[in-house]
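Right, one structure below, let's go through it.
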Amino acid sequence: MEKQLIEWFEWFHKNPELSYEEYKTTARIREILIQAGVEVLPFELETGLIAVIHGKRKGAVRALRCDIDALPIIEETGLSYASCHNGKMHACGHDFHIVAGIGCALLLNQKKDELAGTVKVIFQPAEESSLGALKILETSVMKDVERIWGIHADPTNEIGVLGIREGSVSAAVDRFVITVKGKGCHGAHPDEGIDPVPAAAAIVQALQTIVTRNRNAFHPALISVTRMEAGNTWNVIPETAVLEGTVRTMDREDRILFERRMKEIAESAARAYGAEAGVKWIPGPPAVSNDTFMVEKSIQTAKACGFDVVPEETSMGGDDFSFYEEKVPGCYIKVGTGRGQLIHQPGFKVDERVIWPTVKYLVNLLND
Ligand code: NI
């Protein structure tokens, strides 16, 4: 099966599709699973699918999440099986996640007689949009699931190394838009208007004090203002200024704190300049946080399978895997895929030799 999985991996790598457009990907996964006699659940979403393996013995319902979408990046790996979809690339290793999930479903299906309980392999669309997991949660798929595992390619570690850690491993991803409203006027007569630009600049500066003055210094968190927009010419004071950016936090209470302080600071700083500010807070996925019991089990199984386990690097990036963890305990494992360019970069590569050991590990993890 190992050779077959590598062939499939190359096919998926060559045929990347963006979030919500994973039609060919879904069709190919379905074809492979059905040919191997694996049950595929009826499913309401247009892309993505669920494989299910019912063990002969009684036991819990477990799930494995494999995300399947690619990114709008022009590939520069030089691989013989590089993307044939111009401007799209599997630059986050989701092609590897797909075949790991397929391998796992196929092997567990062969071992049905000894399998206790049920395993669902969730081939999830649109992780890169941060909302694919929510789409899955709108279906009935997770209703009976009691715990869930997820993996992610990790180009900062060699093959044979797994990063596993208890607690928060990646950040909550929230977005904000602040609109500062002043009163437009001639650039030569600022006294006749209310300039929103200095008010917006003051807000940008003051927001960082949430990180330095309000946050517990032992809690990782950050604010990035990534867009400032005001005016469209040199001699007119604009009516409004807009700030946009992202807040990343690891703790639930910090998320609430940042949203509250951001509103207080933006509104009162704007008022100090005679302007008004409105804050739109757009919540994304919460922090990914690993369950203690599942972490212990994942480490034990990893060692039994010959992996080295290192503490998982925490990241201020996010993963919508956390939406599942709002329902059931979860564990998100980083799989060393060979050191090289980081994820979301045009030269990112997964060493194919990681596929087979990962499949065997996941089968052991899910088969109990
Ligand atoms: Ni990813």
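Summary table
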{"read-out": "DSSP-loop trypsin sites (Lys or Arg not before Pro) across the stretch 14-94, with at most 15 other Cβ within 10 angstrom", "value": "56"}
{"read-out": "Carbon plus sulfur fraction of accessible area for the stretch 127-189, probe 1.4 Å, in percent", "value": "50"}
{"read-out": "Sites residue 328 and residue 219, calculated FRET efficiency, Cβ-Cβ separation with R0 35 Å, nearest 0.05", "value": "0.90"}
{"read-out": "Global geometry of the stretch 277-368, whether rounded, prolate or oblate, following the gyration tensor of its Cα atoms and the 1.5 cut on a/c", "value": "oblate"}
{"read-out": "The stretch 247-368, accessible surface, carbon-and-sulfur percent (1.4 angstrom probe)", "value": "49"}
{"read-out": "Net dipole in debye of the chain [+1 Lys, Arg Cβ; -1 Asp, Glu Cβ; about Cα centre; nearest 20]", "value": "720"}
{"read-out": "Spatial separation of Cα centroids for the stretch 215-259 and the stretch 275-338, in angstrom", "value": "25"}
{"read-out": "Residue-averaged 222 nm ellipticity for the chain, from DSSP H runs of 4+ at -39500 (n - 2.57), nearest 500", "value": "-10000 deg cm²/dmol"}
{"read-out": "By accessible area with a 1.4 Å probe, ligands and nucleic acids excluded, highest first: order of 81, 324, 273", "value": "273, 81, 324"}
{"read-out": "Selection from 55, 98, 289 lying farthest towards where the dipole of the chain points positive, charges on Cβ", "value": "55"}
{"read-out": "Enclosed volume per residue, in Å³, of the convex hull spanned by Cα atoms of the chain", "value": "145"}
{"read-out": "Label zone at residue 313, where the point sits 7 Å out along the Cα-to-Cβ direction: the stretch 63-97 residues whose backbone N lies under 15 Å", "value": "92-93"}
{"read-out": "On Cα atoms only, tilt of 94-110 relative to the major axis of the chain in degrees", "value": "30"}
{"read-out": "Sequence ranges 223-231, 282-290, 130-138, ranked by mean other-Cβ count within 10 angstrom, highest first", "value": "282-290, 130-138, 223-231"}
{"read-out": "Local net charge near residue 40, Cβ-Cβ under 14 Å (Lys/Arg +1, Asp/Glu -1)", "value": "0"}
{"read-out": "Rounded to the nearest 10 Å², the accessible area of residue 276 at probe 1.4 Å", "value": "130"}
{"read-out": "Cut-off under 5 Å, modelled amide H: who pairs with residue 319 long-range", "value": "288"}
{"read-out": "Net charge dipole size for the stretch 214-368 [Lys, Arg +1 and Asp, Glu -1 on Cβ; Debye, nearest 20]", "value": "220"}
{"read-out": "Net charge over other residues, Cβ less than 14 angstrom from the Cβ of residue 180 (K, R count +1; D, E count -1)", "value": "0"}
{"read-out": "5 Å binning of all Cα-Cα separations within the stretch 172-283, expressed as whole percents from 0 upward", "value": "2, 13, 23, 22, 16, 10, 7, 4, 2, 0"}
{"read-out": "For the stretch 172-283: accessible area per residue (Å², 1.4 Å)", "value": "55"}
{"read-out": "Positive dipole terminus of the stretch 199-264, leading residue within 234, 257, 205 (C-beta point charges)", "value": "257"}
{"read-out": "Average accessible area per residue (Å²) across the stretch 1-91 - probe 1.4 Å, nucleic acids and ligands excluded", "value": "48"}
{"read-out": "Computed log₁₀ I(q)/I(0) - Debye formula, equal Cα scatterers, no solvent, the stretch 41-85, q 0.22, 0.30 Å⁻¹", "value": "-0.92, -1.19"}
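The values are calculated or read from the model by the stated rules, or taken from the named source; none is laboratory data. Computed from a predicted model, the values in this text were never measured in an experiment. As a convention, Cβ positions derive from the backbone with ideal geometry for all residues, glycine included, and neighbour counts pool all protein chains shown. Heavy atoms of the whole protein, side chains included, go into the accessibility calculation; ligands, DNA and RNA do not. Shrake-Rupley method; radii C 1.70, N 1.55, O 1.52, S 1.80 Å.
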